[in-house]
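The values are calculated or read from the model by the stated rules, or taken from the named source; none is laboratory data. Computed from a predicted model, the values in this text were never measured in an experiment. In this analysis, Cβ positions are derived from the backbone assuming ideal geometry, glycine residues included, and neighbour counts consider all displayed protein chains. Quick note on the areas: whole protein, heavy atoms, side chains included, nothing else; ligands and nucleic acids left out. Shrake-Rupley method; radii C 1.70, N 1.55, O 1.52, S 1.80 Å.
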Amino acid sequence: GIGANTAIFSVINAVLLRPLPYADPDRLVGVWHTAPAINFKQLNASYATYFTYREEGRAFLSSGLWDRDSLSITGSAEPEQVAGLDITYEVLPILGVQPILGRSFTPKEDSPGSPETVLLGYDYWQRRFGGSHSAIGQRPVIDGKAREIIGVLPRSFRFLDFNPALVVPMRIDRSKVYLGNFSFQGVARLKPGVTLTQANADVARMIPLSFRKFPPAPGFSIKTFEDLGLGPDVHPFKQDLTGDIGDVLWVLMGTTGMVLLIACANVANLLLVRAEGRQQELAIRAALGAGWGRIARELLTESIVLGILGGVLGLGLAYASMRLLIALAPANVPRLERMSIDLPALLFTLVISVASGILFGLIPAWKYGRARLATGLRDGGRALSQGKERHRARNVLVVVQVALALVLLVSSGLMIRTFYALSRVQPGFTNPSEILTVRISIPETQVKDADQTARIERDILLKVAAVPGVSATALGSSITLDEYHSNDTLFPADHPYADSQIPPLRRFKFVSPGYFQTVGRSFMAGRNLTWTDIAEKRPVVLISDNLAREYWRDPGAAIGKRVRENPQDQWREVIGVVADERDDGLNKKAPAVVYWPYVQKEFWDMAPFVQRSAVFAIRSPRAGSSAFLKEIQQAVWSVNPDLPLANVRTLAEIEKKSTARTSFTMIMLILAGSMAMLLGLIGIYGVISYSVTQRTREIGIRVALGAQQQTVTGMFVRQGLVLTVMGIVFGLAAAVALMRMMSSLLFEISAVDPMTYGGVSLLLAAAAVAASYVPARRAVDVDPVEALRAE
């Protein structure tokens with residue numbers, strides 16, 4: 001019990017409690033917004049808010065923008081795609097991070113028209129440049145641009161939980177900024193003495209200022225943005241790292257705490273039996289002048305020593321358990337690699353070891369520390385039988401064990417049903433293990449012409465389709481569950497919105513012909529994109545089933561309707577309706593999605609438009625093999641040798657990642673529930689076994705007087721069943737109250753699901769009967785003559 005709690009505490013300490021590794025981390029905040037008018041609890045920052053807060057802010061010492069990126073390195077050896085970080089020049093000083101070599105960005109380098117520069121991450125510097133100081137001043141080609149290396153970041157530097165290979169400045173052109181485009185993340189450092197409440201109030205003051213400082217996006221009015229109801233959401237920067245993972249970790253901490261309580265109840269029962277055997281000794285001590293306090297202290301001291309010894313062994317178990325936790329934990333649990341048995345973990349172990357010793361030693365010390373002299377001296381006489389009062393404490397402990405075990409079994413049962421429900425969800429693809437996905441980006445600096453870019457992407461599809469074993473291939477801006485999506489407004493022709501009204505945001509994706517056949521998504525109505533649509537840049541579009549039903553109630557009715565992304569752009573005809581996809585996670589509602597052709601005559605202010613960063617979906621039974629990937633790589637490089645392949649993984653791997661947190665929680669709760677039931681059954685077995693031993697004389701008399709075997713056995717089985725039923729009743733009440741805390745982890749299962757509660761109760765009752773029957777069966781083997789001589 002102590003080992004399991006120490007292991008979970010080590011995770012919580014590494015992920016939630018340990019401060020961020022930056023200067024004065026308590027004053028770092030993430031700068032977000034709320035937009036209740038479009039149902040956004042969290043809305044990102046934008047260029048307009050960044051400049052407004054930088055120029056008008058009173059609560060921030062400094063504020064900046066950042067965004068994750070993926071950058072291609074070309075010009076030497078094989079092309080390579082690496083993790084990048086785009087930042088404004090203030091971000092590194094806000095964090096208090098200084099390069100260990102060279103220098104950081106200047107305000108001028110973060111402005112358009114200045115020389116292109118880049119900072120190297122430490123690991124990338126070691127891998128690509130061998131840690132040489134001569135890297136400073138070199139000009140690698142990054143996304144088609146030669147950038148001068150001006151510095152190297154420290155080895156320990158992580159941006160939240162992100163380890164970028166390259167860091168580049170955003171270089172925002174202030175003269176081209178307009179309202180909207182909430183696509184970036186903000187970070188700021190509070191001035192000394194400024195609270196979160198004051199910072200939120202200051203952001204609320206500045207939001208209206210941004211409406212006057214910058215023009216609205218084309219096709220919108222200032223009133224449009226005023227009607228969004230934008231509000232502030234300034235919160236600790238660490239929250240951008242941990243997200244909602246704390247919900248899972250605190251649930252696991254609670255479950256392992258229950259396992260420890262059950263273990264303590266078991267040990268308390270053992271100590272009660274031991275103390276009963278020492279009653280005469282304790283009575284003699286009392287007769288010789290030992291007070292109740294001294295006897296109780298001795299019993300408690302023995303218990304605490306036992307607890308500390310358990311803690312020492314628990315540390316070894318915790319270390320082994322940590323390796324298991326790291327192996328089982330989902331990849332998106334932050335800072336898990338920093339988990340260790342450090343000083344806080346040792347102190348935690350010491351505290352719960354001593355607390356456990358006190359907890360399981362308190363009942364024996366209270367019950368027998370003030371043993372009555374006369375009763376203690378005559379205890380153990382042959383004429384005496386055990387009274388109900390003597391068994392009450394042990395019975396209460398067993399009831400507590402059963403109740404706690406039932407709570408844990410219910411929680412694990414709910415997670416099993418959740419995982420089963422997720423496995424039956426239609427995610428929007430079929431046979432994901434046969435779909436290989438690779439992301440390829442063609443930056444404008446490498447191929448400027450949009451039509452030429454589209455031809456290169458089409459040529460890649462043709463070359464990949466010719467690889468042996470490939471049955472289908474297509475491209476899209478995003479594939480289900482890969483988190484590369486974007487959201488924007490959609491205007492249907494027959495559902496007009498007022499000039500200032502912003503329609504609900506929809507998921508936008510850009511796809512090629514054959515995309516839906518490749519991933520295995522069915523059509524509900526209409527037709528697919530064709531290459532003729534692409535070649536002629538026809539104004540057509542496809543939508544998801546739920547979007548069609550929202551506007552037109554039936555997928556068939558949506559065909560022929562017209563929509564556009566901007567009040568000023570051309571209308572586009574809906575030609576197809578496809579099945580929904582669970583793009584935000586299998587446990588989340590399918591978003592309404594609009595599928596645009598990946599090449600268009602115009603889109604927003606881009607004319608012509610082409611999707612330059614695309615994920616290529618390749619269906620083949622060979623997907624996932626290294627030989628197949630090598631052939632795909634050669635096919636791509638036969639078209640353009642400067643295009644690196646990034647994010648290479650099968651769709652099955654993407655799907656597994658989306659359910660990793662649920663499966664991790666389920667496995668941990670099943671382990672805790674199994675341990676709890678095992679300990680609970682041991683407790684029942686121990687009480688019944690001890691009862692049989694104490695009632696040997698009574699059993700002998702019953703057998704001598706003609707009692708049947710079933711009667712004697714049933715007497716003890718009933719005792720165990722009564723204790724179990726009492727524990728189940730209390731456990732059900734506790735589970736109903738506590739399981740509502742787990743509701744955010746469940747999917748299509750009620751926190752008070754009757755099937756789970758009933759099934760767990762029957763399972764526990766059946767197991768308890770079995771645990772009671774084994775020692776009860778020994779009772780019928782008692783020889784009456786030997787039993788009568790036993791005392």
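A count restricted to the stretch 516-539 and to residues that are touching a residue at least 60 places away in the same chain (Cβ under 8 Å) and of a type in the set (S, T, N, Q) stands at 1. The residue that is modelled with the lowest pLDDT, among those in the stretch 445-476 that are of a type in the set (Ser, Thr, Tyr) and open to solvent by 10 Å² or more (accessible area, probe 1.4 Å), is Thr445. Got a number for residues in the stretch 580-605 being more than 21 Å from Phe429 (Cα to Cα), touching a helix residue (DSSP H, G or I) at 6+ places or on another chain (Cβ under 8 Å) and open to solvent by 60 Å² or more (accessible area, probe 1.4 Å)? Number of matching residues: 0.
Considering Gly131, Gly137, Gly113, the condition of being open to solvent by less than 30 Å² (accessible area, probe 1.4 Å), on the phi > 0 side of the Ramachandran plot and either among the β-branched types (Val, Ile, Thr) or free of Cβ contacts under 8 Å to residues at least 24 places away in the same chain (or both) is satisfied by Gly131 alone.
Please work out which residue is nearest to Ser76 (Cα to Cα), limiting yourself to the stretch 116-128 and to residues that are open to solvent by 20 Å² or more (accessible area, probe 1.4 Å) and not acidic (Asp, Glu). That would be Arg128.
For the stretch 325-344, the set of residues classified as part of a helix (DSSP H, G or I) and among the aliphatic types (A, V, I, L, M) consists of Leu325, Ile326, Ala327, Leu328, Leu336, Leu343, listed by residue number. For the stretch 411-434, a residue qualifies if it is crowded, with 21+ Cβ neighbours inside 10 Å and touching a Gly at 6+ places or on another chain (Cβ under 8 Å), and the qualifying residues are Ser411, Ser412, Gly413, Phe429. Candidates are the residues of the stretch 625-635 that are out of contact with any helix residue (DSSP H, G or I) (no Cβ under 8 Å at 6 or more places or on another chain) and in a helix (DSSP H, G or I); the one that is most open to solvent (accessible area, probe 1.4 Å) is Lys630. Within the stretch 169-192, the set of residues being part of a loop (DSSP other than H, G, I, E, B) and open to solvent by 40 Å² or more (accessible area, probe 1.4 Å) comprises Arg171, Asp173, Tyr178, Asn181, Phe182, Ser183, Lys191, Pro192. Could you please let me know if Ala23 is in contact with a Lys or Arg (Cβ under 7 Å, 6 or more places away or on another chain), among the small types (Gly, Ala, Ser) and either under 26 Å from Phe211 (Cα atoms) or open to solvent by 10 Å² or more (accessible area, probe 1.4 Å) (or both)? It is false that Ala23 is in contact with a Lys or Arg (Cβ under 7 Å, 6 or more places away or on another chain), among the small types (Gly, Ala, Ser) and either under 26 Å from Phe211 (Cα atoms) or open to solvent by 10 Å² or more (accessible area, probe 1.4 Å) (or both).
Here is a check on your reading of the model: is Val251 closer than 21 Å to Leu325 by Cβ, in contact with a helix residue (DSSP H, G or I) (Cβ under 9 Å, 6 or more places away or on another chain) and assigned to a helix (DSSP H, G or I)? Criteria met by Val251. The single condition among (1) within 27 Å of Ser221 (Cβ to Cβ); (2) out of contact with any Asp or Glu (no Cβ under 7 Å at 6 or more places or on another chain); (3) surrounded by fewer than 19 Cβ atoms within 10 Å (Cβ to Cβ) that Leu547 does not satisfy is (3). Examine the stretch 451-459 for a residue that is part of a strand (DSSP E or B), more than 25 Å from Arg564 (Cβ to Cβ) and touching a Leu at 6+ places or on another chain (Cβ under 9 Å), and state whether such a residue exists. No, the stretch 451-459 has no match at all. On inspection, Asp247 does not qualify as over 30 Å from Thr349 (Cβ atoms), open to solvent by 40 Å² or more (accessible area, probe 1.4 Å), charged (D, E, K, R) and touching a residue at least 60 places away in the same chain (Cβ under 8 Å). Of the residues in the stretch 740-762, how many are in contact (Cβ under 8 Å) with a residue 60 or more places away in the chain and within 23 Å of the chain's Cα centre (by Cα)? Residues in the stretch 740-762 being in contact (Cβ under 8 Å) with a residue 60 or more places away in the chain and within 23 Å of the chain's Cα centre (by Cα): 9 in total.
Can you say whether Ala737 is within 33 Å of the chain's Cα centre (by Cα), without any contact (Cβ under 8 Å) to a residue 24 or more places away in the chain and assigned to a helix (DSSP H, G or I), as far as the supplied structure shows? The answer is yes for Ala737. Among the residues of the stretch 224-233, are any among the aromatic types (Phe, Trp, Tyr), part of a helix (DSSP H, G or I) and open to solvent by less than 60 Å² (accessible area, probe 1.4 Å)? Yes, the stretch 224-233 has at least one match. Could you check, for the stretch 437-444, whether at least one of its residues is more than 30 Å from Gln719 (Cα to Cα), open to solvent by 10 Å² or more (accessible area, probe 1.4 Å) and at pLDDT 90 or above? Yes, the stretch 437-444 contains a residue that is more than 30 Å from Gln719 (Cα to Cα), open to solvent by 10 Å² or more (accessible area, probe 1.4 Å) and at pLDDT 90 or above. Would you confirm, using the coordinates I've provided, whether Arg27 is free of Cβ contacts under 8 Å to residues at least 60 places away in the same chain and in contact with a strand residue (DSSP E or B) (Cβ under 6 Å, 6 or more places away or on another chain)? For Arg27, the condition - free of Cβ contacts under 8 Å to residues at least 60 places away in the same chain and in contact with a strand residue (DSSP E or B) (Cβ under 6 Å, 6 or more places away or on another chain) - is not met.
Restricting the stretch 563-585 to residues that are part of a loop (DSSP other than H, G, I, E, B) and of a type in the set (Gly, Ala, Ser) leaves a set whose member that is farthest from Val519 (Cα to Cα) is Gly585.
Note on the stretch 636-663: residues that are assigned to a helix (DSSP H, G or I), among the hydrophobic types (A, V, I, L, M, F, W, C) and either open to solvent by less than 10 Å² (accessible area, probe 1.4 Å) or at pLDDT below 85 (or both) total 4.
Within the stretch 413-434, the set of residues being assigned to a helix (DSSP H, G or I) and touching a Ser or Thr at 6+ places or on another chain (Cβ under 8 Å) comprises Gly413, Leu414, Met415, Arg417, Thr418, Phe419, Leu422, Pro432, Ser433, Glu434. Among the residues of the stretch 51-73, what is the count of those that are of a type in the set (Ser, Thr, Tyr), surrounded by 21 or more Cβ atoms within 10 Å (Cβ to Cβ) and out of contact with any Ser or Thr (no Cβ under 7 Å at 6 or more places or on another chain)? Final tally of qualifying residues: 1.
Would you confirm whether or not the stretch 158-168 contains a residue that is buried (at least 21 other Cβ atoms within 10 Å of the Cβ), over 31 Å from the mean Cα position of the chain (by Cα) and farther than 30 Å from Phe220 by Cα? There is no residue in the stretch 158-168 that is buried (at least 21 other Cβ atoms within 10 Å of the Cβ), over 31 Å from the mean Cα position of the chain (by Cα) and farther than 30 Å from Phe220 by Cα.
Based on what the data block shows, is Asp143 open to solvent by 50 Å² or more (accessible area, probe 1.4 Å), touching a Leu at 6+ places or on another chain (Cβ under 8 Å) and not polar (S, T, N, Q)? No: the conditions fail for Asp143. Yes or no: the stretch 276-287 includes at least one residue that is surrounded by fewer than 16 Cβ atoms within 10 Å (Cβ to Cβ), in contact with a strand residue (DSSP E or B) (Cβ under 9 Å, 6 or more places away or on another chain) and not hydrophobic (A, V, I, L, M, F, W, C). No - not one qualifying residue is present in the stretch 276-287.
Number of residues in the stretch 610-621 that are touching a helix residue (DSSP H, G or I) at 6+ places or on another chain (Cβ under 7 Å) and within 20 Å of Ile440 (Cα to Cα): the value is 8.
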